[in-house]
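The block underneath contains the structure these notes are about, expressed in structure tokens.
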Number of protein chains: 4
Amino acid sequence: MPTAKVHRIAAAAPDDVSGIAAAIAAGAIDPTGVVAVFGKTEGNGLVNDFSRALATRALRDLMAAHVGAASTAHIAAVMSGGTEGGLAPHWLVFERAEAGSGPSPALAIGRAETADLPSEHLGAPEQAASVAAGVRRAMADAGIPDPSDVHFVQIKCPLLTAGRIAAAEARGARVAIRDSLKSMGFSRGASALGVAIALGEIDADAVAAERIVVDRSLWSGNASTSAGIELLNHEIVVLGMSAGWSGPLAIESAVMADGLDIEPVRAALARLDLAAPGQLSAAQSERLVALLAKAEASQSGWLRGRRHVMNDDSDVAATRHARAFVAGALGSLVGHAEIYVSGGAEHQGPDGGGPVAVIARREI
Amino acid sequence: MPTAKVHRIAAAAPDDVSGIAAAIAAGAIDPTGVVAVFGKTEGNGLVNDFSRALATRALRDLMAAHVGAASTAHIAAVMSGGTEGGLAPHWLVFERAEAGSGPSPALAIGRAETADLPSEHLGAPEQAASVAAGVRRAMADAGIPDPSDVHFVQIKCPLLTAGRIAAAEARGARVAIRDSLKSMGFSRGASALGVAIALGEIDADAVAAERIVVDRSLWSGNASTSAGIELLNHEIVVLGMSAGWSGPLAIESAVMADGLDIEPVRAALARLDLAAPGQLSAAQSERLVALLAKAEASQSGWLRGRRHVMNDDSDVAATRHARAFVAGALGSLVGHAEIYVSGGAEHQGPDGGGPVAVIARREI
Amino acid sequence: MPTAKVHRIAAAAPDDVSGIAAAIAAGAIDPTGVVAVFGKTEGNGLVNDFSRALATRALRDLMAAHVGAASTAHIAAVMSGGTEGGLAPHWLVFERAEAGSGPSPALAIGRAETADLPSEHLGAPEQAASVAAGVRRAMADAGIPDPSDVHFVQIKCPLLTAGRIAAAEARGARVAIRDSLKSMGFSRGASALGVAIALGEIDADAVAAERIVVDRSLWSGNASTSAGIELLNHEIVVLGMSAGWSGPLAIESAVMADGLDIEPVRAALARLDLAAPGQLSAAQSERLVALLAKAEASQSGWLRGRRHVMNDDSDVAATRHARAFVAGALGSLVGHAEIYVSGGAEHQGPDGGGPVAVIARREI
Amino acid sequence: MPTAKVHRIAAAAPDDVSGIAAAIAAGAIDPTGVVAVFGKTEGNGLVNDFSRALATRALRDLMAAHVGAASTAHIAAVMSGGTEGGLAPHWLVFERAEAGSGPSPALAIGRAETADLPSEHLGAPEQAASVAAGVRRAMADAGIPDPSDVHFVQIKCPLLTAGRIAAAEARGARVAIRDSLKSMGFSRGASALGVAIALGEIDADAVAAERIVVDRSLWSGNASTSAGIELLNHEIVVLGMSAGWSGPLAIESAVMADGLDIEPVRAALARLDLAAPGQLSAAQSERLVALLAKAEASQSGWLRGRRHVMNDDSDVAATRHARAFVAGALGSLVGHAEIYVSGGAEHQGPDGGGPVAVIARREI
């Protein structure tokens, strides 16, 4: 039976892969088993965030030196820019080992890729459909037949640049949105709806073009999507519990209704035997392997009946505000801020909220 | 016996004083009793934050219409820019009513002003000494003889301009710092040390010129200071508990060691009968009248052993990151983000942390 | 015959009206003749630019002290935020004196206001129609019957905030754009099309909803529109040459095809007897009373066959880039940067370019 | 006799080296002759500008594929972040060919590197001395004995990060400045003073620690220095005219007294037979191979007697303002904005101004 391993490793810079290299050298990571690497990098998380491409390049160079370029191409490298507030830049290395032991069901990892997305399909039902098919392939890859066992689906999706828009229009196509920054939201939103379709959270018919990004009553409680300039297709990683996997790790999830809604996360931690009235103790924090969350400013401009200004700040993007804020909320719960908070939660949880997943080492 | 009243009122814009006007019209606020108004305004909290001047202007126009320009000049108007993350712009109106009832001791408010500060004393031990004497007068005004009953001291302090520096140098004096912007930090720092002296947190002898702004091991756990160009002296507001006051309100305080250190704040809330294992309930939150905190990125670049990037972000100032982050941490504790988180904490709490005060309505 | 006077006065801060006050005290400005004041203020020129409201408030307070609140309400106060690059914050005070002398035709000033704009009309043909009617009233006010004698039409138009959008939607209306920042562009664009209709540059029928902001082949060569949070209607000022006015001032205009296209401006200067092969001489610069221009990043992402990144910069808005850039281009032509460069030139000149007006004192 | 070749090649992204690759494939560039590559990349040009590291990595990978890693290490890769305003991201590839023909003297290129700079020497006289020695080596490498024949010295210098400061302090060293962003200015300034020493513009004794960054009366009219996080030493490239080189290219230089002072640049162009009363014609622009300039906001806060706000903008760094502004001024002179404007001109030209170099193809 396979076993999933998750390694959380600090990064001193976007291209600092020395911690991963050291773990490989020490035998803690078997590079041939690496199926996905998430990176929380210190750019702005927006259009001109080059920390993601730099991190990807450094990571791929490292992995290629160990497993060759061909195998490296199959590792899902999902860089999420933006470490606002106290967020600590770090890597999450997901490894599949074949000779597992320990309890079962256990954390399982699956992955898939889609074909390149034509620019005119970005933010459109076609993108959601493409992603939904990809999520189903990733579930099969993970050995998770039941959508209710899926706790987190991380997707890296493309965005539109001025150049890509011009290219599409030059061949007569019409894009859903002509603004680069906005295109990230459309791509994230359509991708999340694809997850919701695959997990049975919404019906595929509900995803009409005019509802994408607009109708926030449609959402997935398990999707986490990030847009990046460095790819043209989708990279999909599914995390869930599978009876076909064994090992010490388990995953749980929750949905935050807004950026302060930490009690569902506290409950999810408790389901992993990490119950605490206030902040996790140091010993508990040690067993918490990874916390992944989406953060977003509510479109309404309100948070619990009070006005927020995140959408009206023309100097700092709302996604940057939201990541810093949710980092504080979740960090105060778990006791540190080396957590994977990703911005832009269109159709990922309700408006202003977002899905959260926690991976913990079980006491055995 | 006097009674302190604190009104927390939402602001729809920096110059939105309609909520205060409505409270006056409804008789909830007696304008003749207003001694101080704090405003959390939605600028960047930095040099070019015009939301503060706009708010001050709107507030003074409103108050002058009720109590005249002369009386308005004696109201301490302390605007703190920056509502990052989910922070809600709002006013805190502090009122002293003479016909009090309810338990005693109770929240007491005192204020004082110092003499104009010679420019050569700004950022120097003389400034700290002047502030210390002023804090003692404000304590006397509040009827608080014991420094341990003081929970928050808000100070508005002067800064140096090119003209002020030239005038000082023309008479042969030498200023501590010739840069206007930097003079704000020196003034805040020296003022905070003055609070620490008055409250017995440090010894006056410890405040040597070369340690001001530099040696962060010197700090007050109760000071909150901000510099403004519009004054040459110091405006001091002391908040604490006094046996000479009665009323439903009480104040407590805590010091956060870093931006995630919410457990001391939870304990302070519990001392006000607002104990909760997780987030405050809606009923509890209703009794929480005000939460005031200082936020800051640690100069070390580390938070609980993990790197943060707040000091290396050239696009967004560290103070903005820190306010958003601490807003999330404290907001997740109390259940909303209409809280007064202020940045720039030289000698106000330890490096990376800061003082916090909570004012609550007691169950009677 | 009336005479137009234009006073260019430096501002040391958004609320610094001391220069205007001094000019009034010295008799250089007759406050009863002031019909419009343009301010180039030092905010970001975007949604949360409070320098505009602060400047407006300071200006209105000053004028009210001289001419009363009722008359002050009829002064068009058009604050344009954003003094990027070397742009100098300044006021342009437009005065109408009745006992004119000097050559005729001469610079003439007219003004008008529209009714408040319903949020659902912002960025729609209704807004253009309302503005067109207003421009015609302002032309009549200026005594300019022929549109070809109009050289500059400055319009201050409203924007949508989260609150205004919510209010509109609460009563069942649907806004053209739900993003505050983007709403500024829609409002500027629809207003500019209104100018183009009034001046006969385009046909009213051409202004279909789907072409607003999108189809940049529609534009006015004389419109300059700025959106601000501080008003709900439109303030319109028309500047042109009228045989009904006399005096030393004359106005000319040009259209820049892109941000580097300064030769048409050089030609316009020459038509006002300010010909120079390179930069204007000091003596020439002295005769240049005002330079007003629109700046914009081309939507195409290209400038003279080379890529620019203004639209892909998520840290600094394209309008801020463009103002700084065009300020350098025009400043290098006229020898200083106390010029009124306003950003966001949707439908104001061709994509990436913009209208320019120059007002000069004729050698008599 | 050697010949210098300069190739100006557009970049579609920081890591877009396809244009260089195509030029190599076409035989236009001989990779074995490449001695230096300057890149104008589209980051913020400040501490967290990862576009520079990404560009460097892509460039080195490309060159290593052609000439091997060892030779690639000797190519000076000088990435200057920041393409504000209309600036076009691009590469300048400097090549030395051995079989030259054409007029002599001609453009000559020399280069050198220094040893790694200890963090405590950054911004100190030791840094200037190290750079001065390096410049002399680069002049020898270029075959330029006379400093008056040097027209441009490009230096890439290191900066301090929180980590580097901590490391230095851990071993008891004391850095000149503890702020990452400010350390860039100190490094640029001390490096420029090193150039001034080497070129005889100032005396080495003049470079006292307390004058670095502070005393702007000390400056080089030929230095261009950029700080980057990606190196610890200095990379030096000298450009000038040498009787030992032949070929069609020639270089001239000028010093701008401020950001609008384009007439000296117009004169330098004329000395290269590119005289024009207004903007260069298309044919002239074709012969202009490269324009390199430094841009800076004056510390005084004044530009030609008018206030600028670049130093008071806490949202956008002064260097970003200045690059956009000077790009407009110079772009309006030469007719496009694919020019190398680099920010942060401490001791590079007078306060608020900066050195400019132009390289042109002579008509033969």
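Only one residue of B:Ser51, B:Thr32, B:Ser18 has its Cα farthest out toward the positive end of the dipole of the range B:1-56, where Lys and Arg carry +1 and Asp and Glu -1 on Cβ, and that residue is B:Thr32. Among the residues of D:41-49, the average count of other protein chain beta-carbon atoms within 10 Å of the residue beta-carbon is 6. Note on exposure: C:Glu235, D:Glu126 ranked by accessible area (1.4 Å probe, complete protein assembly) read D:Glu126, C:Glu235, with the most exposed listed first.
Need the C-alpha centroid separation for the range B:61-80 versus the range D:181-239, integer Å. Measuring centre to centre over Cα atoms gives 51 Å. Per residue, the convex hull spanned by the Cα atoms of the protein assembly as shown measures out at 170 cubic angstrom.
So with the 1.4 Å probe, I'd like the accessible area per residue for the range C:124-217, rounded to whole Å². Each step should come with its number before you reach the end.
Values: 3570 Å² over 94 residues.
That works out to 38 Å² for each residue.
Exposed loop trypsin sites (Lys or Arg not before Pro) only (DSSP loop, at most 14 other Cβ atoms within 10 Å): please give the longest stretch of chain A free of them, not including the sites.
A:175-364
Summary for D:Ser300: label point 7 Å along Cα→Cβ; distances to the equivalent points in the other copies, ascending, 4.1, 4.5, 5.5 nm. The Cα-based radius of gyration and maximum Cα-Cα distance (Dmax) for the range B:1-108 are 14.3, 44 Å. A 1.4 Å probe over all protein chains sorts D:Met256, D:Met241 by accessible area into D:Met241, D:Met256, starting with the largest. Summed over both chains, the accessible area lost when D and C associate is about 3100 Å², using a 1.4 Å probe.
Note on the range D:265-363: Kirkwood radius taken over Cα pairs, Stokes-Einstein applied at 20 °C and 1.002 mPa s, translational D equal to 151 µm² s⁻¹.
Averaging sequence separations of C-alpha pairs under 8 Å and six or more residues apart, then dividing by the length of chain D, give the relative contact order as a whole percent.
Working: 928 pairs, mean separation 80.6, N = 364.
It comes to 22 percent, rounded to a whole number.
Here C:Glu263 yields copy-to-copy label distances, from shortest upward, of 2.3, 7.1, 7.3 nm, the label point defined as 7 Å from Cα along Cα to C-beta. Which distance in Å, rounded to a whole number, links the C-alpha centroids of the range B:254-303 and the range B:105-146? Computed from Cα coordinates, the inter-centre distance equals 26 Å.
Magnitude of the Cβ-charge dipole of the protein assembly as shown, K/R +1 and D/E -1, about the Cα centre, nearest 20 debye? Write out the running numbers ahead of the final one.
Details: 120 positive and 156 negative charges, 9 e Å.
So the dipole magnitude of the protein assembly as shown works out to roughly 40 debye.
Largest accessible area first, the residues C:Asp203, A:Asp179 order themselves as C:Asp203, A:Asp179 under a 1.4 Å probe with ligands, DNA and RNA left out. For the listed residue pairs A:Lys294/D:Lys40; D:Lys5/D:Lys40; A:Lys182/A:Lys294, the alpha carbons are over 28 angstrom apart in A:Lys294/D:Lys40. Using the Kirkwood radius built from alpha carbon pairs, what does the Stokes-Einstein equation give as D for chain D at 37 °C and 0.692 mPa s, in µm² per second? Once the numbers are plugged in, D ends up at 163 µm²/s.
Could you work out what % of the accessible surface of the protein assembly as shown is carbon and sulfur, using a 1.4 angstrom probe and leaving DNA, RNA and ligands out of the count?
Exposed carbon and sulfur together represent 55 percent of the surface.
Of all DSSP-defined beta bridges confined to the protein assembly as shown, some 75% are antiparallel rather than parallel.
Give a quick list of GluC sites (Glu not before Pro) in the range B:70-103 that DSSP marks as loop, anything other than H, G, I, E or B, with at most 12 other Cβ atoms within 10 Å.
Details: sites: B:Glu84, B:Glu95, B:Glu98; in loops: B:Glu84, B:Glu98.
Answer in residue order: B:Glu98.
Sequentially through the range D:114-122, phi angles give Karplus couplings (6.51, -1.76, 1.60; θ = phi - 60°) of 9, 6, 4, 8, x, 4, 6, 8, 5 Hz, Gly and Pro residues having no value and appearing as x.
Where a Cα-Cα gap under 12 Å defines reach, which aspartates and glutamates qualify for B:Lys156, not counting those fewer than 8 residues away within the same chain? Filter leaves B:Glu113, B:Glu230, B:Glu235.
Across peptide B:333-340, the mean count of Cβ atoms from other chains lying within 10 Å of each residue's own Cβ comes to 4. Computed with a 1.4 Å probe over protein heavy atoms only, the accessible area of D:Trp219 comes to about 80 Å².
The values are calculated or read from the model by the stated rules, or taken from the named source; none is laboratory data. None of these values were measured; they are calculated from a predicted model. Neighbour counts run over all protein chains shown; Cβ positions are idealised from the backbone, glycine included. Ligands, DNA and RNA are excluded from the accessible area calculation, which covers all protein heavy atoms including side chains. Shrake-Rupley method; radii C 1.70, N 1.55, O 1.52, S 1.80 Å.
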